[in-house]
1. One quarter of the convex hull surface, Cα atoms only: what value does that give for segment 1-152 in nm²?
2. What nm distance separates the two modelled labels at GLN143 and LYS32, each placed 7 Å from Cα along Cα→Cβ?
3. I'd like to know which of VAL254, GLY38, HIS17 lies farthest towards the positive end of the charge dipole of the chain, counting +1 on Cβ of Lys and Arg and -1 on Cβ of Asp and Glu.
4. Using a Förster distance of 41 angstrom, determine the FRET efficiency expected from the C-beta separation of ALA279 and ILE214, and round it to 0.05.
5. For the chain, what are Rg and Dmax over the alpha carbons, in angstrom?
6. Past the 26 Å Cα-Cα mark, which pairs from LYS54/LYS303; LYS119/LYS169; LYS89/LYS132; LYS33/LYS179?
7. About the Cα centre of the chain, what is the dipole size in debye to 20, counting +1 per Lys and Arg Cβ and -1 per Asp and Glu Cβ, all else neutral?
8. Could you pull out every residue, at least 5 positions away or on a different chain, whose amide H is within less than 5 Å of the one on VAL187? Hs are placed 1.01 Å off N in the peptide plane, and Pro or chain starts have none.
Amino acid sequence: MYTGASLEGAVKLNNNHCDIAINWSGGLHHAKKFEASGFCYVNDIVIAILELLKYHARVLYIDIDVHHGDGVQEAFYLTDRVMTVSFHKYGNFFFPGTGDMYEIGAESGRYYSVNVPLKEGIDDGSYFQVFKPVISSVMEFYQPTAIVLQCGADSLAGDRLGCFSLSTKGHGECVKFVKDLNVPTLVVGGGGYTLRNVARCWTYETSLLVDEQISNELPYTEYLEFFAPDFTLHPEVVTRQENANSKQYMEAIVKYVCDNLRMCQHSPSVQMNDIPPDAIEDDDKTKKEDDPDVRISQELEDKMIEPKNEFYDGDKDQDKEDMET
Ligand SMILES: [Zn+2]
């Protein structure tokens, strides 16, 4: 189900039926080709990116889950068609144990995997101090034509598994930053283990993505009691850990990442190829074609033209006679 939704989002983006597609049930970034991992069975992100690659020369993947986006990185480690950028907690055997900044990709994919390993307790200010310059440099050097953003909510303060100190507003600021890049984007969910905060976070981020202001006071629903005692969208952030990321450490990571980006070829191109068919039928497209009152589009008309050099069965068909004689 969640994979179908990510795939449909990619198809809609490919056909220009939307510029932002959201699937909060997706984002299962740990699943590998032959192995389930970290609560992830099918890697919907990889499947959606493969679909985007039918139409897009370069796809950028951004991951703000507290865990390293290892499954997606592994899938595209050897190619320059996808750049993966993951911000995550690294060290002390934190799951999945990969995502050191020296993992930069290999072969044609060298310099197209970017890792930003962080220490526990990072707050909004420090996070944005790396997020903004890294993503700005990536955009400058890579110039993607589509983006997939994984918004794992386990990077929020108070998560049962995570150890960062981001507020919903800080997390959302990253989403807003990506939205403002004005590139077709598939937004997916991911981790998040303190459920009330996951609901808060993705509700707020939906409002940002659709440009809608929503009240800090939560409306009455049967789940309201879960949001006690404040019943608000943005409760005060209670930090459990000191921020272990010094200013110098952050500056060093940003410098390392930006130096590497300078090594990669600017916006690599791709050979012309036949576009494989869409993995699933786009509803909007079918509807349009079926409506008899609507004049058919130029695109469809062009597709219906039969090239003169093609064989056909008809009055002028020469093949059959040849066969008989
Ligand atoms: Zn996670």
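Here, each number is a calculation from the coordinates, and none is a lab measurement. Note that the coordinates shown come from a computational prediction; the quantities given were computed from them, not determined experimentally. A quick note on method: Cβ atoms are made from the backbone with ideal geometry, for glycine too, and the neighbour counts reach across all protein chains shown.
1. 8.9
2. Placing both labels 7 Å along Cα→Cβ, they lie 3.6 nm apart.
3. The one lying farthest along the dipole's positive direction is VAL254.
4. Numbers: r = 34 Å, r/R0 = 0.83.
Here the calculated transfer efficiency is 0.75.
5. Looking at the chain, its Cα Rg and Dmax stand at 23.1, 90 Å.
6. Details: LYS54/LYS303 18 Å; LYS119/LYS169 20 Å; LYS89/LYS132 18 Å; LYS33/LYS179 30 Å.
Exceeds cut-off: LYS33/LYS179.
7. 1820
8. Hits under the 5 Å cutoff: ALA21, ILE22, ASN23, LEU149.
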